[in-house]
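A quick write-up on the structure given underneath.
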Protein chains: 2
Amino acid sequence: MNNRRPTGTDVARLAGVSKSAVSRVYAGGFVSEEARERIVEAARILKYRPNNTARSLTTNRSHLIGLAITGLDNQFYPLMVDLLHQALRDAGYRMVLFVTHGEADLDPVLDELLGYRLDGVILASSSHAARVGHECLEAGVPVVMLNNVDPEDRVPGVCTDNVAGAEEIARFLLDGGHRQLGVVSGLEESLAAAERAAAFTRIVEAHGEATVRTECGHFSEDGAYAAASLLLSGPNRVTALFCVTDFMAFFALAAARNLGLEPGRDVAIFGFDDDPISSWRAFQLATFRQPLEEMVATAVDMLAAQIRGQALPMGTRRLAGKIILRLSASFA
Amino acid sequence: MNNRRPTGTDVARLAGVSKSAVSRVYAGGFVSEEARERIVEAARILKYRPNNTARSLTTNRSHLIGLAITGLDNQFYPLMVDLLHQALRDAGYRMVLFVTHGEADLDPVLDELLGYRLDGVILASSSHAARVGHECLEAGVPVVMLNNVDPEDRVPGVCTDNVAGAEEIARFLLDGGHRQLGVVSGLEESLAAAERAAAFTRIVEAHGEATVRTECGHFSEDGAYAAASLLLSGPNRVTALFCVTDFMAFFALAAARNLGLEPGRDVAIFGFDDDPISSWRAFQLATFRQPLEEMVATAVDMLAAQIRGQALPMGTRRLAGKIILRLSASFA
DNA sequence: CACATTTGTGGGAGCGTTCCCACATGCGGG
DNA sequence: CCCGCATGTGGGAACGCTCCCACAAATGTG
């Protein structure tokens, strides 16, 4: 344990060259073929590996990207993390994870985000992410919002075209003959979710003969269950339900069944995201698929461009999604 | 963008002290109250934040812990990541995430684990983690295995007492009168899962009148579905099924229903983990709860002890779990 | 054959910290 | 009054790398 790790100087000594030559081998410069071979061989013997910390200090690049994300209970997020991890790896970056729970967590996270010399930050938190984004912008740290939007439209970001998606679902349900519609909304701080609820409501209200009621599901299990239960019971109960996330829709399905209503027969239920478990036999949830691969790739591209120093057009890129019909809305 | 971040020297100049004094404020040394105030004020004005990279270079501590974990589709893992993140945060560490998919991914990950001067590594990958563990050991990097065991018992680790858990499930099913039992096993590289299958089998075979058949579920959706379908059909189909992970059990539930068998009435199905969604109404899966909070806390403690330089007793700590009875095994 | 040009090389400063050491103070006791 | 001894302080080396610059050797040109 006491034998410290070998340094570039050690390798240089063994190979009979200068440490500059060693550096050139690993940082990509010109070295004669002969010297390169000797250096690589020496490095192999000593088990040398360049110290990334020291390297970062001079190059001012850490190759570390921070990812801030809300609690991973919503299965859609782990999938996003996985894809993001791959995309970042392919682009030569490592991922430092920051899991937040609510707003209180955000400030210490922010502190660390800035204290560590991260090359960039991806904000996939559902709440209050814009505030963090503004601070990054101010500190000159490249930043991208993913699956969320900055109300002030200053932080660059990428998300699904929430409006088009919610509208398509609304039209589908209206076309299916539904006139009493319900929305299980998320927290107000999440603009992406708010956009979905608003767009859905707008279409229904424009129809004239249809009505829409909204209950807040708070992005939580109990919240969604309670909201759906409320909307699905009483004298003017709804016949179709739009939950702004699949995660909440799963609890709406449970609430419906608890009331003796079979989704797809007695009530139509839609989610949003296309969470991987939506297609499971137990749920078969109709939803709107976010183009996750494309979103992730775009976000990483946008971030990489900023890191390269390219000024970015501000604002949010909105990618097209796709409605996915499954059993839970089959009779609509 | 061009105005570089302020350094400790900048702060020292503004406060009229030396950079040593500034360092003392942030690294925790003795500074007179008056000087401290002036420094803090100057830092506030300049928006100074110590550069962690430079700090790491001298202290040889990065406060970065690497977490290697297999694909996050199994919901149990995101939960683990979340808890681990919190525990590491509380202990003053940040988490660098490495998501692996199969064995091929492991070598490049290992390279990066060692190249980055991580203070320690947590291996929660289900497969081949021991190999990576050995290499860390060799390189002198503190390492802990979580929810997995090293067959050679050299890498310290913590997991649930898989044997006791699987045995308890087996006895419960035998006591319930089941005589034709089935196991949906995982991949062979995962020793933790193998332990469960083996312990279950041992108890059943010791019974004398009961038989047990095993099919490999490969930890995958399709694999588990196929394995369960096989076990639940044919002339000598099983009446009780033990899946070595909840994730696979969800597909066993689906397979059973697809065959017209209602879990908890026509067939008993057990998982292992107590994945958060096991308790959902759509599943109500009987299972064995891993003491995740305790496991995570123990793993972080063990890692921190190694980082402090304490030699650790080798081998795996096995924590007690708890059987959780739910509808899927109610008639047993 | 003198000179420019290419090619590879080593020396050394610098990145922003920490930490050791030397050195000023202020103060009480011999 | 001078010595010891706390108590703060600043200077400067060190961490392991990159990268600029100067320079040597090999090659090409008039």
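A compact table of results
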| quantity | calculated |
| --- | --- |
| Conditions (1) acidic (Asp, Glu); (2) within 22 Å of residue A:106 (Cβ to Cβ); (3) not assigned by TED's automatic domain parsing to the domain that holds residue B:307; number of the one not met by residue B:82 | (3) |
| Failed item in (1) under 29 Å from residue B:306 (Cα atoms); (2) surrounded by 21 or more Cβ atoms within 10 Å (Cβ to Cβ); (3) more than 16 Å from DNA strand C (Cβ to nearest atom), with residue B:56 passing the rest | (3) |
| Hits in the range A:12-26 (condition: within 8 Å of DNA strand C (Cβ to nearest atom) and assigned to a helix (DSSP H, G or I)) | A:12, A:19, A:20, A:21, A:23, A:24 |
| Residue within the range B:15-23 that is in contact with a His (Cβ under 9 Å, 6 or more places away or on another chain), within 16 Å of DNA strand D (Cβ to nearest atom) and of a type in the set (S, T, N, Q) present | no |
| Residue identified as within 12 Å of DNA strand D (Cβ to nearest atom), of a type outside the set (Lys, Arg) and more than 33 Å from the chain's Cα centre (by Cα) among B:33, B:41 | B:33 |
| Residues of the range B:169-193 satisfying the condition of being at pLDDT below 95 and of a type in the set (A, V, I, L, M) | B:187, B:191, B:192, B:193 |
| Yes/no for residue A:141 being more than 14 Å from the chain's Cα centre (by Cα), modelled with pLDDT of 90 or more and either over 15 Å from residue A:192 (Cβ atoms) or not small (Gly, Ala, Ser) (or both) | yes |
| Test: residue in the range A:200-213 that is of a type in the set (Gly, Ala, Ser) and within 22 Å of residue A:249 (Cα to Cα) | yes |
| Given (1) at the interface with another protein chain (Cβ under 8 Å from one of its Cβ atoms); (2) free of Cβ contacts under 8 Å to residues at least 12 places away in the same chain, index of the condition residue A:81 fails | (2) |
| Per-region count, the range A:158-176, residues over 25 Å from residue A:265 (Cβ atoms) and touching a strand residue (DSSP E or B) at 6+ places or on another chain (Cβ under 9 Å) | 7 |
| Within the range B:14-39, considering residues that are within 27 Å of residue A:141 (Cα to Cα) and surrounded by fewer than 16 Cβ atoms within 10 Å (Cβ to Cβ), the one modelled with the highest pLDDT | B:19 |
| Lone qualifier among A:64, A:72, A:114 - being facing another protein chain (nearest Cβ under 9 Å), touching a residue at least 24 places away in the same chain (Cβ under 8 Å) and closer than 20 Å to residue B:80 by Cβ | A:72 |
| Residue list for the range B:291-332, restricted to those being farther than 15 Å from residue B:192 by Cβ, touching a helix residue (DSSP H, G or I) at 6+ places or on another chain (Cβ under 8 Å) and not in a loop (DSSP other than H, G, I, E, B) | B:293, B:296, B:297, B:300, B:323, B:324, B:328, B:329 |
| Qualifying residue in the range A:52-59 (condition: free of Cβ contacts under 8 Å to residues at least 40 places away in the same chain, hydroxyl-bearing (Ser, Thr, Tyr) and within 9 Å of chain B (Cβ to nearest Cβ)) | yes |
| Qualifying positions in the range A:181-218 - surrounded by fewer than 22 Cβ atoms within 10 Å (Cβ to Cβ) and among the hydroxyl-bearing types (Ser, Thr, Tyr) | A:201, A:211, A:214 |
| Residue list for the range A:170-180, filter: buried (at least 20 other Cβ atoms within 10 Å of the Cβ) and under 12 Å from residue A:202 (Cα atoms) | A:170 |
| The range B:267-308 - residue that is more than 21 Å from residue B:222 (Cβ to Cβ) and without any contact (Cβ under 8 Å) to a residue 24 or more places away in the chain and, of those, nearest to the other protein chains (Cβ to nearest Cβ) | B:281 |
| Any hit, the range B:31-38, residues being more than 9 Å from chain A (Cβ to nearest Cβ), within 16 Å of DNA strand C (Cβ to nearest atom), among the acidic types (Asp, Glu) and not in a loop (DSSP other than H, G, I, E, B) | yes |
| Of the criteria (1) more than 17 Å from the chain's Cα centre (by Cα); (2) at pLDDT below 95, which one residue B:163 fails | (2) |
| Residue in the range A:90-106 that is in contact with a Phe, Trp or Tyr (Cβ under 6 Å, 6 or more places away or on another chain) and within 10 Å of chain B (Cβ to nearest Cβ) present | no |
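Okay, residues lined up against (1) among the polar types (S, T, N, Q); (2) at pLDDT below 95:
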residue	(1), (2)
A:290	yes, no
A:295	no, no
A:312	no, yes
A:318	no, no
A:324	no, no
A:327	no, no
A:332	no, yes
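Residues are listed down the side, and each one gets a yes or a no for (1) surrounded by fewer than 19 Cβ atoms within 10 Å (Cβ to Cβ); (2) touching a residue at least 60 places away in the same chain (Cβ under 8 Å); (3) assigned to a helix (DSSP H, G or I):
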| residue | (1), (2), (3) |
| --- | --- |
| B:226 | yes, no, yes |
| B:236 | yes, no, no |
| B:253 | no, yes, yes |
| B:256 | no, no, yes |
| B:260 | yes, no, no |
| B:265 | yes, yes, no |
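The values are calculated or read from the model by the stated rules, or taken from the named source; none is laboratory data. No experiment lies behind these values; they were computed from the predicted model shown. Note: ideal-geometry Cβ built from the backbone for every residue, glycine included; neighbour counts use all protein chains shown.
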